[in-house]
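Report on one structure; see the data block that follows.
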Amino acid sequence: MIRIIYIPVSVALLITAFAAHAGTFEKGTWSASGCGAMPETPVVDSSSVDAFNRSVGKINEWQKQIQTYHDCMIKEANADNAVINKSATSEQSRINEAVEKVNKEAAAGKQKVEQASSPSSSGSSFPSLVPPPGGMGGQPGY
């Protein structure tokens, strides 16, 4: 039997976007994966005026490097956040659509059963549908 796997274009784009911007998440800590290593903090050498001046030069260069690293990390974090938000919102919509579909089918089934029931059994009650936990009313739950 041949199985055809259907991946909507939007999901494929999300996967591609996530792969392009994905940082790493390990043991509860996120880190940028496309920015290289954080520049090593220079040591201030105050043993002499010349040593201190060299340290200041190293600090100035480090500040440029750390700014570049910081900007890259923020850009990657924002991209990851956008992909996660879009993916979670899409999944919430998919869940909401499934809940609405099942509720409509249940309501139609209830109506059909009520119409088909005899007058003598019209006093029977039907269970009501309870909304699922998590506020499935279209509002983000994350």
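The values are calculated or read from the model by the stated rules, or taken from the named source; none is laboratory data. Not measured: the values here are computed from a predicted model. All Cβ positions, even for glycine, are placed from backbone atoms using ideal geometry, and neighbour counts span all protein chains on display.
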#### Entry: Filter result for the condition that a residue is modelled with pLDDT under 95 and surrounded by 13 or more Cβ atoms within 10 Å (Cβ to Cβ), over 19, 32
32
### Message
Only one of 90, 47 is in contact with a Leu (Cβ under 9 Å, 6 or more places away or on another chain) and either at pLDDT 95 or above or exposed (fewer than 10 other Cβ atoms within 10 Å of the Cβ) (or both). Can you tell me which?
### Response
90
#### Entry: Residues (among the acidic types (Asp, Glu) and more than 23 Å from residue 23 (Cβ to Cβ)) located in region 40-72
45, 50, 61
#### Entry: Residue count for region 25-39, restricted to those that are free of Cβ contacts under 8 Å to residues at least 12 places away in the same chain and in a loop (DSSP other than H, G, I, E, B)
3
### Query
Would you say residue 75 is exposed (fewer than 12 other Cβ atoms within 10 Å of the Cβ), more than 15 Å from the chain's Cα centre (by Cα), part of a helix (DSSP H, G or I) and of a type in the set (Lys, Arg)?
no
